[in-house]
1. Looking only at residues that are of a type in the set (S, T, N, Q) and within 12 Å of DNA strand D (Cβ to nearest atom) in the stretch B:49-75, which one is farthest from the other protein chains (Cβ to nearest Cβ)?
2. Within the set of pairs 6+ apart or on separate chains, which have a first residue in the stretch A:4-32 that is exposed (fewer than 15 other Cβ atoms within 10 Å of the Cβ), a second that is among the basic types (K, R), and C-beta atoms under 7 Å apart?
3. Please specify each residue of the stretch B:106-135 satisfying the condition of being more than 7 Å from every other protein chain (Cβ to nearest Cβ) and of a type in the set (K, R).
4. Please indicate, with yes or no, whether at least one residue in the stretch B:77-90 is in a helix (DSSP H, G or I), in contact (Cβ under 8 Å) with a residue 40 or more places away in the chain and surrounded by fewer than 18 Cβ atoms within 10 Å (Cβ to Cβ).
5. Within the stretch A:44-62, track down each residue that is away from DNA strand C (no atom under 12 Å from the Cβ) and at pLDDT 95 or above.
6. Can you tell me which residue within the stretch B:1-43, out of those that are within 15 Å of DNA strand C (Cβ to nearest atom) and of a type in the set (S, T, Y), is farthest from the other protein chains (Cβ to nearest Cβ)?
7. Of the residues A:L62, A:L101, only one is in the same structural domain as A:E123 (by TED's automatic domain parsing), at negative phi, out of contact with any Ser or Thr (no Cβ under 9 Å at 6 or more places or on another chain) and not polar (S, T, N, Q); which?
8. For B:R109, are the conditions met, namely being of a type outside the set (D, E), modelled with pLDDT under 95 and either more than 21 Å from B:C132 (Cα to Cα) or in contact with a helix residue (DSSP H, G or I) (Cβ under 7 Å, 6 or more places away or on another chain) (or both)?
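The values are calculated or read from the model by the stated rules, or taken from the named source; none is laboratory data. All figures in this text were calculated on a predicted structure; none of them were measured in a lab. Neighbour counts are summed over all protein chains in view; Cβ atoms, including those assigned to glycine, are modelled from backbone coordinates with ideal geometry.
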2 protein chains.
Amino acid sequence: MDMNDQEIKIILQKKGVKPSLHRIKILEYLYVKKNHPTVDIIYRDISGDIPTLSKTTIYNTLKLLYEKNIIRMLTIEENEVKYDATMTNHAHFKCISCRKLYDLPVRNRHLGATEIDGHSVIESHLYYRGTCKFCKN
Amino acid sequence: MDMNDQEIKIILQKKGVKPSLHRIKILEYLYVKKNHPTVDIIYRDISGDIPTLSKTTIYNTLKLLYEKNIIRMLTIEENEVKYDATMTNHAHFKCISCRKLYDLPVRNRHLGATEIDGHSVIESHLYYRGTCKFCKN
DNA sequence: GTATCTGCAAAACATTTGCAATTCT
DNA sequence: AGAATTGCAAATGTTTTGCAGATAC
């Protein structure tokens with residue numbers, strides 16, 4: 001078990017999640033790749049390393065990690081959910097041409113709000129759709 | 001044909017969409033109800049008035065209206081798309097307890113941006129999840 | 001040994017698609 | 001008649017569910 005696995009394990013334990021091998025590997029993937037993957041992408045990328053891994057476990061794990069506030073769930077796409085382990089406030093930009101999803105380090109007071117119009121905020125999402133700087137020419 | 005239908009018709013024509021009865025009624029529903037409905041909700045609510053209306057037509061129409069920039073598509077829910085005819089910049093608040101979706105009249109310079117980090121912005125979305133003021137007690 | 005985690009297959013849904021029927025001018 | 005619109009039924013694709021088997025402590 002290398003350093004990364006150990007760190008991931010501690011993160012899970014702190015949040016009250018039992019650090020099974022599958023859970024560690026899925027969360028580690030999110031931390032290392034930072035690619036806002038779907039369930040399918042995760043399955044495609046790590047099922048080689050963990051031959052017994054099933055998609056059901058990925059679904060279960062991501063749901064659990066989301067409920068424990070360890071990762072974010074991105075519903076920018078109409079048809080599939082993406083996940084993100086970056087928990088600091090940031091925005092996203094979706095290019096409708098190349099389909100890439102960019103992180104934007106936006107400093108926005110609205111993203112850090114804990115209360116809006118009397119409602120208690122748990123999570124905030126800011127995202128844009130458009131044509132990215134590499135596609136617009 | 002009442003005043004509303006006439007107004008809706010003109011809006012559609014201005015955007016280059018032929019104002020069929022179905023299209024008028026679907027867009028009018030969105031304007032009048034302002035309830036961020038799903039395809040199913042629209043179908044449930046207006047298929048009584050228009051007995052021949054099919055869900056396929058609602059799907060077709062909403063897609064067309066979205067592409068013509070007449071309505072917005074909201075992907076806040078994981079599993080289904082909602083639609084909104086309010087085109088002025090505003091945010092949304094989703095209550096995880098009562099499940100209601102609120103409009104928030106947020107004045108946010110980020111929502112009006114046409115360019116971010118060199119990318120050309122076409123649409124902006126800001127939304128929150130949490131517990132609404134009526135559920136939190 | 002008991003509780004939790006995992007995996008398979010089937011089910012459940014929302015959405016899309018192909019194509020035929022209808023409507024409008 | 002010709003072109004666009006609509007509707008049905010089937011297909012698609014993602015996510016959930018039920019339950020059985022495996023694993024961990």
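1. B:T52
2. Matching pairs, first to second residue: A:K15/A:K68; A:G16/A:K68.
3. B:R107, B:R109 - these are the residues of the stretch B:106-135 that are more than 7 Å from every other protein chain (Cβ to nearest Cβ) and of a type in the set (K, R).
4. So the first thing to find is which residues in the stretch B:77-90 are in a helix (DSSP H, G or I), and the list is none.
Checked against the condition, which is being in a helix (DSSP H, G or I), in contact (Cβ under 8 Å) with a residue 40 or more places away in the chain and surrounded by fewer than 18 Cβ atoms within 10 Å (Cβ to Cβ), the stretch B:77-90 yields no hits at all.
5. Residues satisfying the conditions are A:R44, A:D45.
6. So, considering only residues that are within 15 Å of DNA strand C (Cβ to nearest atom) and of a type in the set (S, T, Y), the one farthest from the other protein chains (Cβ to nearest Cβ) is B:S20.
7. It is A:L101.
8. Yes.
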